[in-house]
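The structure appears right after this line, and notes come after that.
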Amino acid sequence: MQQTWTYRFACLPLLTLVSSTAFAWGQEGHSIVAEIAQRRLSAEAQQGVAAALGAGVSLASVSSWADGQRVVHPETTNWHFVDIPLQAGAYDEQRDCADNPGHGDCVVRELQRLRTELRCQPTLEGRRDALRYAVHFVGDLHQPLHTVGEKMGGNQQAVHGSIRGLTCKRNCELGNETANLHVLWDTALIRRTVWDWGSYVSRLEDGLLRSPDVQRAAATSSPAEWANQTHVVAQSVWNDKIFPADGLLDDHYYDAVLPLLDRQLALAGLRLAQFLNSAYGAAACPAPAPAG
Ligand SMILES: [Zn+2]
């Protein structure tokens, strides 16, 4: 979730200092989202995915590829998040998604483009890249801190203290790799809940994904609406009622936010499936823009 769910370009220098797993809704979060979607693909979407990635290649295996692209394609940097002011009531395209030349605009607009590009990029390579970006960015848009502009989406909000969660028995201090709120959400909360990402998928399949409420909540197809809903979650996990100003956390925070973490991962998986099923099931591609 920082880097993924993601990180932001200002944190790129850290890449040389911290293991790649520290950056990546870490690889666990993105894999959870991708696997939930994979199990719900329509026949058409399964064909589209196989044509783009090759037979038998899973969505989970490509779900963190986009994070590596930021280094070689900085023009994709801003596609991983949308900077909505924390106290704002809703996403505002002009305010929150302006194009930043050389860095891109935001995840909402990029997902709107990808919906068509998945099927309509003229080359196989283009369609494959569109799929790898889509799998990643639907996940990113459900990491709460990816919808907040303040303090670089929480990358500059220090956290410390100790969280045991469901997995940690001793030495549960939030350490170097979990020193800020964004990374806490990208990786640490997930790792304090399960030992491996496949177990998180099972946790959700056996629990929240059976809930009609989550099925209903997932049934909106607009990335702008996803941004708004995720932003409401961000407001509920980063405010002075639940998050102390000094960033000193314990299991009270974990217990309060775990249902929201579960819900965001479940919604992202369901919506990714919906996004791919809709995209690959669509009819004709738009006519290419006239040259010149
Ligand atoms: Zn990302």
Exactly one of these conditions fails for Pro122: (1) in contact with a helix residue (DSSP H, G or I) (Cβ under 9 Å, 6 or more places away or on another chain); (2) part of a loop (DSSP other than H, G, I, E, B). Give me its number. (1)
Pairs please, first residue from segment 130-159 and farther than 18 Å from Cys106 by Cβ, second anywhere and within 15 Å of the ligand (Cβ to nearest atom) and among the small types (Gly, Ala, Ser), Cβ atoms under 7 Å, 6+ apart in sequence or on different chains. Arg132/Ala66
Just for segment 69-91: of the residues that are more than 13 Å from the ligand (Cβ to nearest atom) and assigned to a helix (DSSP H, G or I), which one is farthest from Asp105 (Cα to Cα)? Val72
How many residues are at pLDDT below 50, polar (S, T, N, Q) and within 14 Å of the ligand (Cβ to nearest atom) if we restrict to segment 5-52? 3
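May I ask you to verify whether His136 is in a loop (DSSP other than H, G, I, E, B), in contact with a Ser or Thr (Cβ under 7 Å, 6 or more places away or on another chain) and under 27 Å from Ala88 (Cα atoms)?
Values: in a loop (DSSP other than H, G, I, E, B): no; in contact with a Ser or Thr (Cβ under 7 Å, 6 or more places away or on another chain): yes; under 27 Å from Ala88 (Cα atoms): yes.
Criteria not met by His136.
From Val201, Val194, Val183, grab the single residue that is assigned to a loop (DSSP other than H, G, I, E, B) and β-branched (Val, Ile, Thr). Please lay out each step first, then the result.
Details: Val201 fails: assigned to a loop (DSSP other than H, G, I, E, B); Val183 fails: assigned to a loop (DSSP other than H, G, I, E, B).
Among Val201, Val194, Val183, only Val194 is assigned to a loop (DSSP other than H, G, I, E, B) and β-branched (Val, Ile, Thr).
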If you go through segment 132-153, how many residues are within 9 Å of the ligand (Cβ to nearest atom) and acidic (Asp, Glu)? 1
Checking Gly165 against (1) surrounded by fewer than 18 Cβ atoms within 10 Å (Cβ to Cβ); (2) in a helix (DSSP H, G or I); (3) not aliphatic (A, V, I, L, M), the condition it does not meet: (2)
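The values are calculated or read from the model by the stated rules, or taken from the named source; none is laboratory data. Please read all numbers here as calculations on a predicted model, not as lab measurements. As a convention, Cβ positions derive from the backbone with ideal geometry for all residues, glycine included, and neighbour counts pool all protein chains shown.
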